[in-house]
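Worksheet: the structure to be examined is printed underneath.
The values are calculated or read from the model by the stated rules, or taken from the named source; none is laboratory data. These numbers were taken from a predicted model, which means no experiment stands behind them. Glycine gets a Cβ as well: all are built from the backbone with ideal geometry, and neighbour counts include every protein chain shown. With ligands, DNA and RNA removed, areas are computed over all heavy atoms of the protein, side chains included. Shrake-Rupley method; radii C 1.70, N 1.55, O 1.52, S 1.80 Å.
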Amino acid sequence: MTERTLVPVEQKTIFFYEDEITAVRTGDNRVFVPIRPIVERLGLSWSGQRERINRDRVLSEETATVRVTRTEGDRQIARELLCIPLDYLSGFLFGISADRVKVQYQEDVIRYQRECYKVLSEALSEGRLT
């Protein structure tokens, strides 16, 4: 895994259905997503998914540590989190087998994957690959 720490120039939290997903933009205009909150939201083992990322030749080269700020109560807390580029998130999600996830999280995994398929399809059909 390539270890590098990036400093964001912008941070944004969006709602995907009822889930909060944070993304940060770095100085080179790349967008990264902290992966652990997604892993935990889908009921997956963080240590297992981190090992999977480390074994993956593509994801392991693309990960970075990014300083992400969260508001907890009245305090701002900054943490360095393992992130993957937004454009690699769908590849990570497609590597999850919904059948191997706890039953209560299977529909969530499938929903995330289904949305990723839609985004890829729209990108291809609208010619956004250039």
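Overall form of segment 19-86: oblate. Here a/c, set by the Cα gyration tensor axes a ≥ b ≥ c, is 1.5 or more, and a/b is not larger than b/c. Rank GLY73, GLY91, GLY27 by mean-square fluctuation in a GNM of the chain with C-alpha springs under 10 angstrom and give only the top-ranked residue. Result: GLY73 has the largest fluctuation of those listed. A dipole drawn for the chain from +1 and -1 charges on Cβ atoms has a positive end, and of TRP46, LEU93, TYR117 the residue lying farthest that way is TRP46. Of the solvent-accessible surface of segment 21-115, computed with a 1.4 Å probe over protein heavy atoms with every protein chain present, carbon and sulfur atoms account for 43 percent. Once C-alpha pairs closer than 8 Å and six or more residues apart are averaged by separation and normalised to the residue number of the chain, the relative contact order reads 23 percent.
Rounded to the nearest 20, the Cβ-based charge dipole of segment 1-42 about its Cα centre (Lys and Arg +1, Asp and Glu -1) stands at 160 debye. Comparing THR71, THR26, THR63 in a Gaussian network model of the chain, where Cα atoms under 10 Å apart are tied by springs, the biggest mean-square fluctuation is seen for THR71. Computed from the Kirkwood radius of its Cα pairs, the Stokes-Einstein diffusion coefficient for segment 1-53 at 4 °C and 1.567 mPa s stands at 104 µm²/s. Between ARG30, ARG75, ARG67, the Gaussian network model of the chain with springs among Cα atoms under 10 angstrom shows the greatest mean-square fluctuation at ARG75.
For the chain, a Kirkwood hydrodynamic radius built from all Cα pairs, placed in the Stokes-Einstein relation at 25 °C and 0.890 mPa s, yields a translational diffusion coefficient of 157 µm²/s. Note on ARG79 and VAL119: their simple-model spin labels are 2.2 nm apart, each label 7 Å out from Cα toward Cβ. In this Cβ point-charge picture (+1 for Lys and Arg, -1 for Asp and Glu), the chain has a dipole of about 220 debye about its Cα centre. Remark on segment 47-91: Rg and Dmax equal 13.0, 41 Å (Cα only). The residues of the chain expose on average 65 square angstrom of accessible surface per residue, using a 1.4 Å probe on protein heavy atoms.
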